[in-house]
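What follows is a structure written as structure tokens; I'll ask about it next.
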Amino acid sequence: MDIAASILVAVMMAATPLLLAALGELITEKAGVLNLGIEGMMLVGAVCAFAVAYKTGNAYFGVVAGALAGVTLAAFFALLVLVLLTNQVATGLALTLFGIGLSALIGKGLVGQPIPRLPLLSIPGISDLPVVGPLLFGHDLLVYLSLALTFLAHRIITRTRLGLTLRAVGESPHVAHGLGLSVRRVQLSAILIGGALSGLGGAYLSLAYTPMWAENMTSGRGWIALALVVFGTWRPLRMLAGAYLFGAMTLAQLHLQGLGVPIPSQFLSMLPYLATILVLVLMSRDAVRIKLNAPAALGKSFHPDR
Amino acid sequence: MTSRTLKAFLLGAVAALSLSAGAALAQDKTKVAFVYVGPIGDHGWSYRHDEGRLAIEKAFPGKVETTYVESVPEGADAERVIQQLAAKGNNLIFTTSFGYMEPTLKVAARNPKVFFEHATGFKRAANVATYAARFHEGRTVIGLIAGKMTKTGVVGYIASIPIPEVVSGINAFTLALKSVRPDAQVKVIYVNSWYDPGKEAAAAKALLDQGADILTQHTDSPAPIQVAEERGVYAFGQASDMSKFGPKAHLTSIIDNWDAYYIARTKAVMDKTWKSGDVWEGFDTGMVALAPYNAVLPKDVVELAETARKDIIAGKRHSFTGPIVDKDGKERVAAGKTATNPEILSMDWYVQGVSGDLPKK
Amino acid sequence: MPPKAGVILAKRGFRLRLEARTETPRWLIYATPLLALALTVLSGAGLFALLGVDPLRALYGFFIEPISDLYGWTELGVKAIPLALIALGLSLGFRANVWNIGAEGQLTIGAICAGGVALALWNSGGWWSLPLMALAGLCGGIAYAAIPALLRTQFNANEILTSLMLTYVAQLFLSYLVTGPLRDPDGFNFPQSRPFDADALMPPVLEGFRLHWGLLAVAVAAVAAQAVLTRSLLGYRLTVTGLAPAAARFAGFSAPGIIWTCLLIGGGCAGLAGMLEVAGPIGQLMPTVSPGYGFTAIIVAFLGRLNPLGICVAALVLALSYIGSEAAQVTLKLSASVGTVFQGLLLFFVLACDLLLLYRIRRE
């Protein structure tokens, strides 16, 4: 049983950076903005979080720095796509390039330095319980935060006026504008929140998952986060399931290799990708419900004159 | 920008450049260049080669000028980068990844006066030498240590990509492990990447959850060491001394040390004695080294490891001494013989005791 | 009250406002790239000065020195060919909101199929080897893009996810092939195929240079794309589907038809690009056959405003930025990360200057 718990904890840890970044992208996309700069924001978040934690010796300052770094990069993106009305897809991809380079520049002196891990918030007595202890009560701040924010986002999007505003802007900015909503302000907020969460996703990697800095340490997780938003059909809870599914499948293929399954490792490594496609196909048959969730104005620049 | 200001700008740029180019020509330095497959910030393979570059600068102050190009993908881009380095007057160019083999040869044919050194390849020319390290020697020693230190008899091995260098490492490790712990088994997980800290950490956890109590790795990040430290088990590092990432867990690391070779080859160019050739060095020259042993290792274990290391240097011990039978029961090295270099270089089979399967021809 | 439309700068009564243009003056189309260049030069000079490098020398090393000789120009072409070809294929889909972001995977499968043909015909090929490889690459890309098309039209599975995930699958499959069945029999089991024979290599445009006749494929693709967009019903359908999906449905355009067409064209171009890479500058199958061309081509497509000629220019700009980044490492000893940051800045400015084409800035 302890092994099962240990595997599940590993799954949660693998899923957390994906979940944080994907949640940020989901909120951004709900407002009709497509930001493909997730990978860049994660990397800058990771390096800034690490740098601050390393210099101050306090991992929590690192968490804040990671989020702020993500926000800064996102603000830059917002300036381009909201004010200068640049193409969102190209700007996002350029932001990824920019972030890869910038994070490497910032991180020059930090390679090969260890830091203490982001502390586990264990509760004496309860955290030591078999199975339930490590699974529910043995995590760090960011794991709990990722889950709490997912449920919060779900509640806000589906149940509140704020969520309705967000969806209205993403669905039809012109109608929202006509209704007197400030399209640009909503989109700006969504982009900045997206940046903060991507930054946190990066911070989780460099502070908790593998407490270190190395260039390009996100290894394409920003792209997986993008896919998870689609997988979740723009719904936070489904996306949560998707992130955990992807984490579980990653762990599963590693376990299958360890068990000596006589299949070349490359084929086993395909498992998370193929499983995600398969589950998406099974879930997507209900066409109408998916259309209702995908923001109709996704990726299109908004200007009142057009 | 109007066309006039553009022209003025261009002229200014040309003038600035020719000035600085003139300054560079005044000194007669040996120019050495490096091509890396990863960023030097990877703290692994490319990082170690860059340490070698810095060692050259230190060894010949004022006499050498070094250049590097990092993150050069294996493929179409490599040839252009190598060609540019040759065209810019570099005398000696190290291309430090296997996938640069064909591009290095092509550029070398066009630039007969430039010397090239290609790491881990097997094709040479009059101005192309090859060099590689006998990493499996290091694997033999850590296999012995693992055999002494494991309690469960299950050892986890985090591997990158199923290529001969990795496979021969796994086999050398397993043979040594089983020589001191005959019932031991090695669980191998490929992360199919040289560098992905997250995946390496996940693989480390999977191996530990499957009962391994020692980890070893043939990937570049210290993530597995960190996992071992957290779980309170032992681990071996790779490429550089990783003890900082797990002071309790880290038993030792197999270190790549290119410094001496790079300095020697640069000196050969300076002395005009450079010749093509093939070098495959290990413990003997220090190209493969071990990080300081962890103090938790009992005296007899350190002694066993050190004896093995010295025996390898003296030629008394070989990583692949027969009889060696592969997983399917086929004899690969006969009793009393040792595997030849080409056999080690092209190894594509597992010895008994290794989990999993390799891609077949 | 909503704030006034499109306020971008408000400072003590001085307000600037964006107003949509009904028509773009011709001179602006040429002026904006120059403005972008000027801004890039300025910010680049700032960046380099900050890093302690002579800005003029740095800019020269980045943009001019790499293409100061014939070799540089031919290499620019080598780098731009796959970018342009893939972007041309993708641009049709992007017009119709079909999001194929898995061109990298389709390129990989195209390279595998073409490489498979080359290896099967090893030492027994002829003039027909290359056309056969091109066909194989094309078909491989098309077949691989057919998977997201099928999943989208039959099962409603979003192509962003499926095409992206299939990219990783394709790369792992290539890794399997070169570490297993397709590895060079005389290559000590190292992870690469044997080098292709002369029949399976693209002839160079100029003897002694790597620029190959894939150039022709780009030209044909660009002309074809232009013809489709301006002269065919298909082009019209794509544009309408992208701009007004409801109107397209009302007009009876088949949505599945559009999706299939876009994905297959995008996949075919990417597959052909894969063939051109392995038969051109690489000359064998390796674990990596592309440094991310399939992803970079997405930038190229939008930088070129989804317009065939624009895409060709954008491919050259992107190619120059990559080559310049390499050259900056060689001649200026700047690290790769500086080049990447600079590349990002360049793209930001080019994209931002587009604003002037679509809007006019007014004082009020």
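The values are calculated or read from the model by the stated rules, or taken from the named source; none is laboratory data. Everything numeric in this text was worked out from a predicted model, so none of it was measured. Using ideal geometry, Cβ is built from the backbone for each residue, glycine included, and neighbour counts are taken over all protein chains shown.
Cβ-Cβ distance below 6 Å, separation of 6 or more or different chains: which pairs start in region A:50-77 with a residue that is over 21 Å from A:L95 (Cα atoms) and end on one that is charged (D, E, K, R) and in a helix (DSSP H, G or I)?
No pair meets every condition.
Right, A:L207: away from chain B (no Cβ under 14 Å) and in a helix (DSSP H, G or I) or not? Even if it seems obvious, please write down each step before you answer.
Numbers: away from chain B (no Cβ under 14 Å): no; in a helix (DSSP H, G or I): yes.
Taking the combined requirement at face value, the residue does not satisfy it.
Then there is this: Looking at A:R159, A:R155, which one is surrounded by fewer than 21 Cβ atoms within 10 Å (Cβ to Cβ), in contact with a Gly (Cβ under 9 Å, 6 or more places away or on another chain) and either over 30 Å from A:L181 (Cβ atoms) or without any contact (Cβ under 8 Å) to a residue 24 or more places away in the chain (or both)?
On inspection, the qualifying residue turns out to be A:R155.
Before we move on, is A:F246 surrounded by fewer than 20 Cβ atoms within 10 Å (Cβ to Cβ), part of a helix (DSSP H, G or I) and in contact with a helix residue (DSSP H, G or I) (Cβ under 7 Å, 6 or more places away or on another chain)?
no
Look at region C:41-90 and say how many of its residues are farther than 24 Å from B:R110 by Cα and hydroxyl-bearing (S, T, Y).
Adding up the residues that qualify gives 2.
Scan C:G252, C:G271, C:G324, C:G266 and give me the residue that is at pLDDT below 95 and on the phi < 0 side of the Ramachandran plot.
C:G324
Against the definition (under 30 Å from C:G180 (Cα atoms), within 14 Å of another protein chain (Cβ to nearest Cβ) and either without any contact (Cβ under 8 Å) to a residue 60 or more places away in the chain or not in a helix (DSSP H, G or I) (or both)), how does C:Q329 come out, yes or no?
no
Conditions first: (1) crowded, with 24+ Cβ neighbours inside 10 Å; (2) modelled with pLDDT under 95; (3) part of a helix (DSSP H, G or I). A:V9 passes all but one, so which condition is the exception?
The one condition A:V9 does not meet is (1).
(1) within 17 Å of A:A14 (Cα to Cα); (2) away from chain B (no Cβ under 12 Å); (3) touching a residue at least 40 places away in the same chain (Cβ under 8 Å): which one isn't true of A:L136, the others all being true?
It is condition (3) that A:L136 fails.
Out of all the residues in region C:247-265, is one or more in a helix (DSSP H, G or I), touching a residue at least 24 places away in the same chain (Cβ under 8 Å), surrounded by fewer than 24 Cβ atoms within 10 Å (Cβ to Cβ) and polar (S, T, N, Q)?
yes
B:V166 fails exactly one of the following numbered conditions: (1) closer than 30 Å to B:W274 by Cα; (2) within 14 Å of chain A (Cβ to nearest Cβ). What is the number of that condition?
Result: B:V166 fails condition (1) only.
Out of all the residues in region B:219-230, which are more than 9 Å from chain A (Cβ to nearest Cβ) and surrounded by fewer than 24 Cβ atoms within 10 Å (Cβ to Cβ)?
Once the filter is applied, which keeps residues that are more than 9 Å from chain A (Cβ to nearest Cβ) and surrounded by fewer than 24 Cβ atoms within 10 Å (Cβ to Cβ), region B:219-230 yields only B:E229.
Kindly indicate which of A:G180, A:G220, A:G260 is surrounded by fewer than 20 Cβ atoms within 10 Å (Cβ to Cβ), under 25 Å from C:R152 (Cβ atoms) and modelled with pLDDT under 95.
A:G220
Is it true that A:A4 is buried (at least 24 other Cβ atoms within 10 Å of the Cβ) and over 26 Å from C:Y322 (Cα atoms)?
Taking the combined requirement at face value, the residue does not satisfy it.
Now for a different question. From the list C:T108, C:T24, C:T32, C:T74, which residue is in contact (Cβ under 8 Å) with a residue 12 or more places away in the chain, in a helix (DSSP H, G or I), β-branched (V, I, T) and under 26 Å from C:L357 (Cβ atoms)? Let's see the steps before the verdict.
Numbers: C:T108 fails: under 26 Å from C:L357 (Cβ atoms); C:T24 fails: in a helix (DSSP H, G or I); C:T74 fails: under 26 Å from C:L357 (Cβ atoms).
So the residue among C:T108, C:T24, C:T32, C:T74 that is in contact (Cβ under 8 Å) with a residue 12 or more places away in the chain, in a helix (DSSP H, G or I), β-branched (V, I, T) and under 26 Å from C:L357 (Cβ atoms) is C:T32.
Applying the selection to region C:335-361, what residues are more than 9 Å from every other protein chain (Cβ to nearest Cβ) and more than 16 Å from C:V41 (Cβ to Cβ)?
C:L356, C:L357, C:R360, C:I361
Ok, one more. Find the residue count for region B:89-105, including only residues that are in contact with a helix residue (DSSP H, G or I) (Cβ under 6 Å, 6 or more places away or on another chain) and of a type outside the set (S, T, N, Q).
Here the count works out to 4.
Can you list the strands (runs of 3 or more DSSP E) found entirely within region B:220-336 that contain at least 2 residues being closer than 25 Å to A:W213 by Cβ, touching a Cys at 6+ places or on another chain (Cβ under 9 Å) and among the charged types (D, E, K, R)? Full working, then the answer.
Details: elements: B:234-239, B:250-256, B:278-281, B:288-290, B:331-333.
By residue number, no strands (runs of 3 or more DSSP E) qualify.
Take the residues in region C:333-364 that are in contact with a strand residue (DSSP E or B) (Cβ under 8 Å, 6 or more places away or on another chain), of a type outside the set (A, V, I, L, M) and more than 30 Å from B:V35 (Cα to Cα); name whichever of them is surrounded by the fewest Cβ atoms within 10 Å (Cβ to Cβ).
My answer is C:R363.
Also, quick follow-up: Only one of A:S198, A:S189 is away from chain B (no Cβ under 14 Å) and within 11 Å of A:P17 (Cβ to Cβ); which?
A:S198
Ok, one more. Filter region A:211-228 for residues that are within 9 Å of chain B (Cβ to nearest Cβ) and closer than 16 Å to A:V11 by Cβ and give the result. Outline the logic, then answer.
Filtering region A:211-228 for residues within 9 Å of chain B (Cβ to nearest Cβ) gives A:211-221.
Correct list: A:R221 only.
So is C:I147 crowded, with 24+ Cβ neighbours inside 10 Å, under 20 Å from A:M270 (Cβ atoms), away from chain B (no Cβ under 12 Å) and among the β-branched types (V, I, T) or not?
Criteria not met by C:I147.
Can you tell me which of A:T250, A:T276 is hydroxyl-bearing (S, T, Y), away from chain B (no Cβ under 12 Å) and under 21 Å from C:S163 (Cα atoms)?
Values: A:T250 fails: away from chain B (no Cβ under 12 Å).
Every option except A:T276 fails the conditions.
Can you tell me which residues in region B:101-147 are touching a Gly at 6+ places or on another chain (Cβ under 7 Å) and under 17 Å from B:V37 (Cβ atoms)?
B:M101, B:E102, B:T130, B:A133, B:F135, listed by residue number.
Can I ask one more? The conditions are (1) modelled with pLDDT of 95 or more; (2) under 18 Å from B:K178 (Cα atoms); (3) in a loop (DSSP other than H, G, I, E, B), and B:G356 fails exactly one of them. Which is it?
Here B:G356 clears every test but (1).
From the list C:S175, C:S193, C:S163, which residue is part of a helix (DSSP H, G or I), of a type outside the set (K, R), at negative phi and within 12 Å of chain B (Cβ to nearest Cβ)?
C:S175
If you scan region C:185-211, which residues turn out to be in contact (Cβ under 8 Å) with a residue 24 or more places away in the chain and of a type outside the set (A, V, I, L, M, F, W, C)?
The answer is C:P191, C:Q192, C:S193, C:R194, C:P195, C:D197, C:D199, C:R210.
Report yes if some residue within region B:45-64 is of a type outside the set (D, E, K, R), closer than 30 Å to B:S253 by Cβ and within 10 Å of chain C (Cβ to nearest Cβ); otherwise report no.
no
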